[in-house]
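The values are calculated or read from the model by the stated rules, or taken from the named source; none is laboratory data. What you see is a predicted model, and the numbers here were worked out from it, not measured in a lab. Every residue, glycine among them, receives a Cβ derived from its backbone with ideal geometry; neighbour counts consider all protein chains shown. Accessible surface areas use protein heavy atoms only, side chains included; no ligands, DNA or RNA. Shrake-Rupley method; radii C 1.70, N 1.55, O 1.52, S 1.80 Å.
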4 protein chains.
Amino acid sequence: MSGQFRSECRRIIFQSSHWDEKLFDVALILSIVVSVIVVMLESVPGINGDVRRWLYALEWFITGMFTVEYALRLYVSEKPLKYAHSFFGVVDLLAILPAYIDLLVPGAHYLMLLRVLRVLRIFRVLKLAKYIGEANILMRAMRASARKIAVFIFAVITLVLILGSLMYLIEGAEHGFTSIPKSVYWAIVTLTTVGYGDISPQTPLGQFVASLIMITGYGIIAVPTAIVTSEMTRPSEASTSSPDRICPACGWENHDPDATYCKVCGDKLVK
Amino acid sequence: MSGQFRSECRRIIFQSSHWDEKLFDVALILSIVVSVIVVMLESVPGINGDVRRWLYALEWFITGMFTVEYALRLYVSEKPLKYAHSFFGVVDLLAILPAYIDLLVPGAHYLMLLRVLRVLRIFRVLKLAKYIGEANILMRAMRASARKIAVFIFAVITLVLILGSLMYLIEGAEHGFTSIPKSVYWAIVTLTTVGYGDISPQTPLGQFVASLIMITGYGIIAVPTAIVTSEMTRPSEASTSSPDRICPACGWENHDPDATYCKVCGDKLVK
Amino acid sequence: MSGQFRSECRRIIFQSSHWDEKLFDVALILSIVVSVIVVMLESVPGINGDVRRWLYALEWFITGMFTVEYALRLYVSEKPLKYAHSFFGVVDLLAILPAYIDLLVPGAHYLMLLRVLRVLRIFRVLKLAKYIGEANILMRAMRASARKIAVFIFAVITLVLILGSLMYLIEGAEHGFTSIPKSVYWAIVTLTTVGYGDISPQTPLGQFVASLIMITGYGIIAVPTAIVTSEMTRPSEASTSSPDRICPACGWENHDPDATYCKVCGDKLVK
Amino acid sequence: MSGQFRSECRRIIFQSSHWDEKLFDVALILSIVVSVIVVMLESVPGINGDVRRWLYALEWFITGMFTVEYALRLYVSEKPLKYAHSFFGVVDLLAILPAYIDLLVPGAHYLMLLRVLRVLRIFRVLKLAKYIGEANILMRAMRASARKIAVFIFAVITLVLILGSLMYLIEGAEHGFTSIPKSVYWAIVTLTTVGYGDISPQTPLGQFVASLIMITGYGIIAVPTAIVTSEMTRPSEASTSSPDRICPACGWENHDPDATYCKVCGDKLVK
């Protein structure tokens, strides 16, 4: 009887085909979105009085719901400790703990921000749904080009170090380039074409070097794009992921088609 | 006789092969462009006296022309109500209504801005002309990659939420990061390499995290580009659109080659 | 005798294989670069005294050389009037005229800036050299995708008009959005990720809409890239240009391989 | 005996398969990274007292290590003079010389910045390791598209010269466009979408031209991306580099598979 209830819960939490499984997913996404909005609004200085009271109530309502969800996830896991140690287990705990700590230690309210991390859960929910194929293609392309991108980023950092040091010598502290780290920061702001303007070169030579950096940055943005594009246009091997298999202990879902055991926690897979 | 005049009007409005049909298209585009310029100039504080009187006269001249055009479109439609309820029907009405309302309620002049929406009509006129093929290729590539782009944008939003919250903690209100929503806004400004500079990190740690955000933004701009490029370089299926068929009731023109009835309003198609 | 001198001159000016032909090209490029630098330096307020006298002397030296070159080009052309009316003929004249006008009318010095246009001549010199193939590939890709890019730019302008008007309503004159043209200018600054920061949204709603514009701009930069890339990766047809044939009358050099007469001025081609 | 020690040293310095060879590489990378951080921190004005003393000690410790390494490299080279004249030989010397010069001439401390150049050494170390293939692909794509990119950059410079001069006439000195070089600098800042905002157009006409520059810059960023992408998606020829062969005299490592002598210094290759 209890076992049946538990397997029912597990089905609702980990799958997404029937209406009740979908309802759980939608409710989960909604509550995460609302909780993020509440955390964000609470930081706005202008909000006071009634609105703030409402936010406070909502915060505790969501905390309650997240606590129930956390307890349920512990309950339905075959190895609760594994779930508790997994990445999402820790995130789920961090989402509820600060509210309780805040009752004891008043200054701990800032930790509430950790709740934002729960947004990552939405990825997992969506992964189960129809977006899994697209996300997999993107991830595979990113992973395949990771080394090339690493080489590129290292080259960018080298460039930025050398150019930042150069600009520190050219412009000096009186024009805002007070130290090499700050000059390097400026070089990154310029090379990536962000261009805040809080620091900007004043001397003709500095502006000339800055122009070279800008044109370089404008040109080498082509490199990561070319890397990822060439990876994505490559004829892809037959996609063989089976998104429906989820480990009942830790919740990992990227199992190879021939896997019988979860490669993260070693538990036996259901299907 | 009246039926002949009506079918003549319909031909001139909905087609674009003969010289009179083309003349109507050109006049329509011109009057829309002029009306947009008039609306824009009227908002400039420095324009006064004679120029403003001229603009006022032009505005009413265009309002008159648009009113005639709206009446004609109602007249030539086989189901006028369908046209009136369609997207462009509403836009056409919104382009003339504010001028008349302004006579009764003086403060309604701001609604004149709705006239800008009529720019969208130009797309439809061009669609009938030679640009339709190009626009279709672009639209098809966009639609085919819509899901991948949705996943990407969601990932960007998540990143921006987490990084914005982090910067709120690092920099705090005294450096302009007065609330989490504002910090998230800053993170978007930075990640998309816009970089206004109205808010910028002041602490060394904040500048370090900002540098990471910039390099990330510089790198992941590759992803949407790769998505759309890989979609556009893909060998395209034979294009089978027939741009010349327009629904006489609602004006929809993206009919499948085998369609006999308009899929938007259900009306029978002419050809 | 005179005819031989003239054909020698023509060879040196229009070809680039022998050492004397190459020397002419290099001298031409150098003198153009120097003239541009002189024009730029003369506008710098800090430069005075001896340096300015040197610049003045250099300016007249280059004016003299350009005058001789212009006279020679007129002399070697079989139809001098055609050359004088061609684009580069006008540019060459505009490069020397302001200096002489300045002697009569003192305020005409600003026209000296027209000399910058002579930079375009460098393209023609390079075109004759080894860069012609590369430039042709780039130009062909640009021309092939011109229509798609036109549709894209029109879509961007529409977007910017609507968003600019919207921001004018949201932010209003007190936050720098003093008129719709200015708001549209701001929308362009934001959408293209330039982000000066001279105008930036202050209200929460304005910042929210601005965030949407930024993410849109960040995303749709993919479109022109995808257009040009898909054009350039397309297997190119056999390149059949013959860069060595130049019209002796007007100097046009993009002749089809089977052309016997210049398609710009109708003159007979040499080879 | 001495010869054996020398060949041992050479093996440890130039190869990276055994644990001691890898240890040397890791120690080299670490010491370079630490030295760069020390040079950067020494420029920060806020750091004083004990921390500065520690940095001073670290600096001399690293100087000592680099000196030993330089001596070893001279010792193991078969032609030490060739190494001393090679690019990395000069960089290695520049990394240690400033510290000693500083003892004699107190003002020479700024030369310490040259140590940043040693970051380039990391590339060589990584080149020997697993990243060589990726870096080679990137380099080959860059080299293959170098000419196209040169044409593109020249076109950008021409555009920027003409637009910068134009804006100097339109805006003038009172709006920050004090000279043509400064206007050209502004045009580069705008075209590359950096957008500092230290100079920004104030007149309506100037803002209109600026909008055109921005949209142009937004569009032509597609060109370098398309160039590099089309180069990288091209089916690559079989990679035939043999990364393990390093010239014992000058340390060059890009030898063709059939090379028997180093093409940089003419020395016989080991394997």
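Overview of values
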{"item": "Test: D:THR178 is surrounded by fewer than 21 Cβ atoms within 10 Å (Cβ to Cβ) and modelled with pLDDT of 85 or more", "result": "yes"}
{"item": "Of residues in the range D:141-154 being facing chain C (nearest Cβ under 10 Å) and in contact (Cβ under 8 Å) with a residue 40 or more places away in the chain, the one most open to solvent (accessible area, probe 1.4 Å)", "result": "D:ILE149"}
{"item": "Any chance A:PHE66 is over 14 Å from A:ILE96 (Cβ atoms), buried (at least 16 other Cβ atoms within 10 Å of the Cβ) and of a type outside the set (Ser, Thr, Tyr)", "result": "no"}
{"item": "Those residues of the range C:164-209 which are out of contact with any Leu (no Cβ under 7 Å at 6 or more places or on another chain), facing chain B (nearest Cβ under 8 Å) and within 17 Å of D:TYR218 (Cβ to Cβ), in sequence order", "result": "C:THR190, C:THR193, C:VAL194, C:GLY195, C:TYR196"}
{"item": "Matching residues in the range D:41-54 - criterion: being surrounded by 12 or more Cβ atoms within 10 Å (Cβ to Cβ) and under 27 Å from the mean Cα position of the chain (by Cα)", "result": "D:LEU41, D:GLU42, D:SER43, D:VAL44"}
{"item": "The listed residue being touching a Lys or Arg at 6+ places or on another chain (Cβ under 6 Å), within 9 Å of chain A (Cβ to nearest Cβ) and either buried (at least 17 other Cβ atoms within 10 Å of the Cβ) or assigned to a helix (DSSP H, G or I) (or both), out of B:ILE157, B:ILE227", "result": "B:ILE227"}
{"item": "Residues satisfying the stated conditions in the range A:68-86, i.e. in a helix (DSSP H, G or I) and over 22 Å from the mean Cα position of the chain (by Cα)", "result": "A:VAL68, A:ALA71, A:LEU72, A:LEU74, A:TYR75, A:VAL76, A:PRO80, A:LEU81"}
{"item": "Answer residue from the range C:23-40, given it is within 14 Å of chain D (Cβ to nearest Cβ) and open to solvent by less than 60 Å² (accessible area, probe 1.4 Å) and is nearest to A:LEU205 (Cα to Cα) among those", "result": "C:MET40"}
{"item": "Residues that are more than 30 Å from B:ARG147 (Cα to Cα) and either surrounded by 20 or more Cβ atoms within 10 Å (Cβ to Cβ) or not β-branched (Val, Ile, Thr) (or both), drawn from the range B:199-224", "result": "B:ILE199, B:SER200, B:PRO201, B:GLN202, B:PRO204, B:LEU205, B:GLY206, B:GLN207, B:PHE208"}
{"item": "Those residues of the range A:41-73 which are polar (S, T, N, Q) and within 14 Å of chain B (Cβ to nearest Cβ), in sequence order", "result": "A:SER43, A:ASN48"}
{"item": "Members of the range B:79-101 that are open to solvent by less than 40 Å² (accessible area, probe 1.4 Å) and either not assigned by TED's automatic domain parsing to the domain that holds B:GLU59 or not hydrophobic (A, V, I, L, M, F, W, C) (or both)", "result": "B:TYR83, B:SER86, B:GLY89, B:ASP92, B:PRO98"}
{"item": "Contacts under 8 angstrom Cβ, first residue in the range D:93-118 being over 17 Å from A:SER165 (Cβ atoms), partner open to solvent by less than 50 Å² (accessible area, probe 1.4 Å) and modelled with pLDDT under 85, 6 or more apart", "result": "D:ILE101/D:ALA108"}
{"item": "Index of the failed condition, A:TYR75 passing every other in (1) open to solvent by 60 Å² or more (accessible area, probe 1.4 Å); (2) over 30 Å from C:PRO204 (Cβ atoms); (3) out of contact with any helix residue (DSSP H, G or I) (no Cβ under 7 Å at 6 or more places or on another chain)", "result": "(3)"}
{"item": "Check on A:TYR196, aromatic (Phe, Trp, Tyr), in a helix (DSSP H, G or I) and surrounded by 22 or more Cβ atoms within 10 Å (Cβ to Cβ)", "result": "no"}
